Number of protein chains: 2
Amino acid sequence: MLVRELQRKLSIARGERPAERLFKNANLVNVLSGEIYRTHAAVDDGRVVGLGDYKAKQIIDLKGAYLAPSLIDGHFHVESSMLTTREFARAVVPHGTGVVVIDPHEYANVLGLDGIRYVLESSKNLPVDFFIMLPSCVPATPFETAGARVTAEDLRLMIGDERIAGVAELMNYPGVYLGAESELAKIEAGKGKNIDGHAPGLRGRNLNAYVLAGVQSDHESTELAEAQEKLRLGMHVLLREGSTERNLATLVPLINSHNAMNCSFATDDKLAGDLVSEGHIDHCVRKATRMGLSPMAALQIATISTARHYRLRNFGAIAPRYWADFIVFDSLKKLVVRQSYKKGILVAEDGEYLAAEPALVPRPRSTMNLRCQAPGDFKVCLKRAARMRVIEVVPNQIVTRQFLATPRTEGGQAVSDVARDILKLVVVERHRATGNVGVGFVRGFKLKSGALGSTVAHDAHNVVVVGANDADIGRAIEELVKMQGGQVAIKEGRVEAELGLPIAGLVSDRPLKEVIERIAALNAAARAMGCALEAPFMTLSFLSLSPIPELRLTDQGLIDAVRMRRTKLFA
Amino acid sequence: MLVRELQRKLSIARGERPAERLFKNANLVNVLSGEIYRTHAAVDDGRVVGLGDYKAKQIIDLKGAYLAPSLIDGHFHVESSMLTTREFARAVVPHGTGVVVIDPHEYANVLGLDGIRYVLESSKNLPVDFFIMLPSCVPATPFETAGARVTAEDLRLMIGDERIAGVAELMNYPGVYLGAESELAKIEAGKGKNIDGHAPGLRGRNLNAYVLAGVQSDHESTELAEAQEKLRLGMHVLLREGSTERNLATLVPLINSHNAMNCSFATDDKLAGDLVSEGHIDHCVRKATRMGLSPMAALQIATISTARHYRLRNFGAIAPRYWADFIVFDSLKKLVVRQSYKKGILVAEDGEYLAAEPALVPRPRSTMNLRCQAPGDFKVCLKRAARMRVIEVVPNQIVTRQFLATPRTEGGQAVSDVARDILKLVVVERHRATGNVGVGFVRGFKLKSGALGSTVAHDAHNVVVVGANDADIGRAIEELVKMQGGQVAIKEGRVEAELGLPIAGLVSDRPLKEVIERIAALNAAARAMGCALEAPFMTLSFLSLSPIPELRLTDQGLIDAVRMRRTKLFA
């Protein structure tokens, strides 16, 4: 603040001139003193200037409704919603979100630093403040071809920006606890800011080493004892509740009356439709309080605990100098957000988004750069009878299994076998026209015909297609290229449904409502083609995820994700 | 940490090589998870490397004793103990103190930046870590002549040092809430670090403005409602329990199960003898728990809450990467510290101090620079009958009252009147040989003879002497100059007792035990001369404190501390 401006605000705080706005008769949820009581909050130029009785140009009489700080998501990949930041805001602001700490991991895998810069730029002037953790694991493994590589040097380059809150989840946790210099250098690059962890199931001595190395948080606990051990070792524990990873119910018993400041809520990955229908951090607060957590502790975790951990100055509480980011609700028990305010301005009411549209930020460059598209490239010649390694989908889980099967053959080639649900899976490198193509087989999709394709394919986000025949697989790739990335359902050469994701092949440029409708249409098309999976495109997008067991397919071929090495299709 | 060194520690954490030391069978007070449970803590090279079972070269079997982080004082003027930092450590380490956040306000008033540099240097390599808040109000007012002036520019110069934790108590709180540029510049100078407040009794709108300006803490609350208001407005509240200001009992009810992270314990000013006999922060923890506060909350306030507020990295908890600063005790209820460890080394046991002596830091330059010493200079000529303004001491309080009295006269001059307890009070400027002398009268000391003198005299620390006759007053000044500063009791020209304070005229160069004995001797001498005050030299030292009502005497004469202006002796 300029001195003049501060002096003007001080005179308002002293009561010498009227404030812009007074939120009168609030039942203030004071997350600093841990109390709820009646008072008034004076706001000027986006900030709280005083609590108590003040004159103001505009009076907003809350008539005893609860006034709390806006909610904060401690760890989120905004790309997982397939929404631009502005459409994401449209989804979550009515649910009371005021700040998100994001890790643009997928953007960085496709676009590198340009992806991070795009997020920084496109997340300005929105009714949600975005703080960014710098992706630390790009590419995730050497077994797939990503669009970029982010080094410790790159992190050092960007860490100084005031909206950069630190270094994002260090997924290579063995690298960290074993003391790999590359990983320690990334921690060193984040010195003075936050270092986020990612250590699913890590316990005992190796966890001690992971913390000793400088990692400060974790959002991967799926068991209570695991989260407790992490908390005891000094990690800030993020209780995750996303679209698929739902750990909140398991972890709420972690919180006692002495440790709420060391916990946050996080969604990690959450789909647009779920954000709209179920909610965002408000859903976490509701769920936790329903389980018996005190509303004060739940709201502290959703606000000040997260703001302090990530050093988000002047966010997370309602007191002088804090930003006037408020939510208004009528029942502490139900906690349904009725109004959201950003810097004192009403930005959502009764589910309706009211914020002004900021200027559109130009899309980043095209990221569809394929060399191979012809169906002939996906042929699997069979020289002799052999059994092949098939990826088996485990419903509702991110892990896969491997099983062996004899292929169905056609003219000396292994082909999709609809009867046994063994379908061809193709991954085509799309970043640097290497021509890399991985071909394998997968069980679990149950397509009777057609093909499903996606350019969202963790973590390198190459093109991944599953299909009942090579022609539709080829057609899907063709369509994805035409759309500049996206998701598509093809049947007998025709597009049944599609969602263009021209922003990095990850994110739609369409409005929230249209994105949700198109996703529903894609799922319906997949179902019509016989697919029984709950979220077929999400399942598809995880089939390349080489760090997670057991068997994966990337552009470099089949990956044995247990032994972490390449393997052959035929056993 | 160097990468090599970190890698070596990681291998210890992984259990591949033995740690230096294992604290076995601890009842760990885990202030991060808010739990107490049995475990072991492995320590290497001063840091905790792991919790759990580890091999170690040395086993320290705690046999179920409690192991907690060392205690932290959030606000202390180390000069108030009149001890060097190393003798202060000798006093408090057996009580479990591991870190103090100090404001070398008195050093700075006498020596300016050199005083701060002296504290920085002389507080290294001790079993207590010192973090320093930069004095923000030197001189305290324009109504006394201090040894130095500290500007916002000076603060900017020093703020970068990693042991500088921020800007110390902004005592000119009207200046802050009224938006004086000089004060706002001091806050701006501390940007990114902590800004301590000092706002006794400040409430309502002006308090809102004080917080809005950027002040982050306060340690001056004497009433519960005042502290509550400050906490609600976002201030970190330090519960003070010093030698004379004892606010803890009043303020403990402030703490509920949602706000302990926003509170600290502090002593502000505490005498050497009290530190030894009563204790330091351990006394605060004991007192708070006796009042019903949960031991966990009390210990959190005494450790992690303070460490986090002042951003003392790796202090305040027991977990990997934290410094191995421990206390050991046997009863959670009694909390008597049995052992203190600093960076894994035993530094006190059963009240005995065991730390190695660091190299002695050379004393700062002499600070006794007086021009006037002759008794003739203290004469108060009376031209006509008039009533004079007398300072009245209020026992056990820092405020004074003013009352009017007709002087006893001798040869046309107003002199001390032992019968009515109206004694002459003299303040002589000692920093820059201005020759300034202030002469007034005070009631409350009840000296029947002799004089008491001190070079500790808040905030400018000029020479202050009260006496039954001018000869002994002159003799006291002579003696103080000879000692290069100190405190002295003179009777009939003889030194009855004295404590040399050659370091800035504030601090003794003698060992803890001798300082305590000499203070006791000074008090005994004062008592023998008729003084009934509990701490006569402390009372004397506050008679120049020009910001505090009602009437004060400085080297510039009588100060009306209500209207904040100079006033005349004769009404």
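Do we have any residue at all in region B:72-91 that's within 14 Å of chain A (Cβ to nearest Cβ), in contact with a strand residue (DSSP E or B) (Cβ under 9 Å, 6 or more places away or on another chain) and farther than 21 Å from B:G166 by Cβ? Taking every residue of region B:72-91 in turn, none turns out to be within 14 Å of chain A (Cβ to nearest Cβ), in contact with a strand residue (DSSP E or B) (Cβ under 9 Å, 6 or more places away or on another chain) and farther than 21 Å from B:G166 by Cβ. On inspection, A:V495 does not qualify as assigned to a strand (DSSP E or B), aliphatic (A, V, I, L, M), at pLDDT 95 or above and crowded, with 21+ Cβ neighbours inside 10 Å. Just to be sure, is B:I59 open to solvent by 10 Å² or more (accessible area, probe 1.4 Å), out of contact with any Cys (no Cβ under 9 Å at 6 or more places or on another chain), within 14 Å of chain A (Cβ to nearest Cβ) and not in a helix (DSSP H, G or I)? Considered against the rule, which asks whether it is open to solvent by 10 Å² or more (accessible area, probe 1.4 Å), out of contact with any Cys (no Cβ under 9 Å at 6 or more places or on another chain), within 14 Å of chain A (Cβ to nearest Cβ) and not in a helix (DSSP H, G or I), B:I59 comes out as no. Got a number for residues in region A:268-279 being under 15 Å from A:E352 (Cα atoms), open to solvent by less than 10 Å² (accessible area, probe 1.4 Å) and not hydrophobic (A, V, I, L, M, F, W, C)? Total satisfying the criteria: 1. Scanning region A:400-419 for residues that are under 35 Å from the mean Cα position of the chain (by Cα) and part of a loop (DSSP other than H, G, I, E, B) returns A:S416, A:V418. Out of the residues in region A:12-30 meeting the condition of being more than 7 Å from chain B (Cβ to nearest Cβ) and farther than 12 Å from A:A42 by Cα, tell me which one is nearest to the chain's Cα centre (by Cα). Going through the qualifying residues, I end up with A:V29. Among all positions in region B:302-323, there is at least one residue which is open to solvent by less than 10 Å² (accessible area, probe 1.4 Å), within 14 Å of chain A (Cβ to nearest Cβ), in a helix (DSSP H, G or I) and within 25 Å of B:N25 (Cα to Cα).
Residue-level analysis places A:L120 among those that are under 19 Å from A:S81 (Cβ atoms), more than 13 Å from chain B (Cβ to nearest Cβ) and open to solvent by 10 Å² or more (accessible area, probe 1.4 Å).
Assess whether B:M296 counts as being farther than 30 Å from A:L212 by Cβ, of a type in the set (A, V, I, L, M, F, W, C) and not in a strand (DSSP E or B). For B:M296, the condition - farther than 30 Å from A:L212 by Cβ, of a type in the set (A, V, I, L, M, F, W, C) and not in a strand (DSSP E or B) - is not met. Within region A:2-11, restricting attention to residues that are open to solvent by 30 Å² or more (accessible area, probe 1.4 Å) and within 9 Å of another protein chain (Cβ to nearest Cβ), the residue that is farthest from B:L184 (Cα to Cα) is A:R8. Scanning region B:31-56 for residues that are more than 9 Å from every other protein chain (Cβ to nearest Cβ) and open to solvent by less than 50 Å² (accessible area, probe 1.4 Å) turns up B:H40, B:A41, B:V43, B:D44, B:G46, B:A56.
Within region A:190-210, the set of residues being of a type outside the set (F, W, Y) and open to solvent by less than 10 Å² (accessible area, probe 1.4 Å) comprises A:G190, A:N194, A:I195, A:D196, A:G197, A:A199, A:L207, A:N208, A:A209.
The set of residues from region A:434-470 being among the small types (G, A, S) and either modelled with pLDDT of 95 or more or within 21 Å of A:P135 (Cβ to Cβ) (or both) comprises A:G438, A:G440, A:G444, A:S449, A:G450, A:A451, A:G453, A:S454, A:A457, A:A460, A:G467, A:A468.
A single entry from B:K334, B:K343 fulfils the requirement of being touching a helix residue (DSSP H, G or I) at 6+ places or on another chain (Cβ under 9 Å) and basic (K, R): B:K334. Within region A:325-342, is there a residue that is over 15 Å from A:Y66 (Cβ atoms), in a loop (DSSP other than H, G, I, E, B) and not basic (K, R)? No, region A:325-342 contains no residue that is over 15 Å from A:Y66 (Cβ atoms), in a loop (DSSP other than H, G, I, E, B) and not basic (K, R). Only a single criterion out of (1) closer than 22 Å to A:A317 by Cβ; (2) part of a loop (DSSP other than H, G, I, E, B); (3) of a type outside the set (S, T, Y) is not satisfied by A:F23, namely (2). Which of the residues belonging to region A:154-181 are among the charged types (D, E, K, R) and either touching a residue at least 40 places away in the same chain (Cβ under 8 Å) or in contact with a helix residue (DSSP H, G or I) (Cβ under 8 Å, 6 or more places away or on another chain) (or both)? Residues satisfying the conditions are A:D154, A:R156, A:D161, A:R163, A:E169, A:E181.
The set of residues in region B:538-571 being buried (at least 24 other Cβ atoms within 10 Å of the Cβ) and part of a helix (DSSP H, G or I) consists of B:T539, B:L540.
Here B:A414 meets the list (1) under 22 Å from B:M529 (Cα atoms); (2) open to solvent by 40 Å² or more (accessible area, probe 1.4 Å) almost entirely, failing just condition (2).
Filtered by the rule that a residue be open to solvent by 10 Å² or more (accessible area, probe 1.4 Å) and either facing chain A (nearest Cβ under 9 Å) or among the polar types (S, T, N, Q) (or both), region B:230-245 gives B:R232, B:G234, B:S243, B:T244. Each residue in region A:217-227 was checked for being free of Cβ contacts under 8 Å to residues at least 60 places away in the same chain and surrounded by 18 or more Cβ atoms within 10 Å (Cβ to Cβ), and 5 pass. The set of residues in region A:465-480 that are under 17 Å from A:A433 (Cβ atoms) and buried (at least 24 other Cβ atoms within 10 Å of the Cβ) comprises A:I477, A:L480. Test B:G557 against the criterion of being over 19 Å from B:F403 (Cβ atoms), in contact (Cβ under 8 Å) with a residue 60 or more places away in the chain and not aromatic (F, W, Y), and give yes or no. Taking the combined requirement at face value, the residue does not satisfy it.
A search for C-beta distances below 9 Å between a residue of region A:323-346 that is without any contact (Cβ under 8 Å) to a residue 24 or more places away in the chain and any residue that is surrounded by 24 or more Cβ atoms within 10 Å (Cβ to Cβ) and of a type in the set (F, W, Y), counting only pairs 6+ apart in sequence or on different chains, returns A:Q339/A:F326. Given the criteria closer than 22 Å to A:N256 by Cα, away from chain A (no Cβ under 14 Å) and open to solvent by 10 Å² or more (accessible area, probe 1.4 Å), does B:M291 qualify? Taking the combined requirement at face value, the residue satisfies it. Annotation note: of A:S33, A:S81, the sole residue that is under 30 Å from A:A520 (Cα atoms) and not hydrophobic (A, V, I, L, M, F, W, C) is A:S81.
Residue-wise test of (1) out of contact with any helix residue (DSSP H, G or I) (no Cβ under 7 Å at 6 or more places or on another chain); (2) surrounded by fewer than 22 Cβ atoms within 10 Å (Cβ to Cβ); (3) closer than 27 Å to A:E188 by Cβ.
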position	(1), (2), (3)
A:H75	yes, no, yes
A:I102	no, no, yes
A:E144	yes, no, yes
A:R149	yes, yes, yes
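Restricting the first member to region A:262-287 and to residues that are within 14 Å of chain B (Cβ to nearest Cβ), and the second to residues that are part of a loop (DSSP other than H, G, I, E, B), the beta-carbon pairs closer than 7 Å and six or more apart or on different chains are A:N262/B:L32; A:C263/A:I255.
The values are calculated or read from the model by the stated rules, or taken from the named source; none is laboratory data. Not measured: the values here are computed from a predicted model. All Cβ positions, even for glycine, are placed from backbone atoms using ideal geometry, and neighbour counts span all protein chains on display. SASA here: full protein model, heavy atoms, side chains in, ligands and nucleic acids out. Shrake-Rupley method; radii C 1.70, N 1.55, O 1.52, S 1.80 Å.
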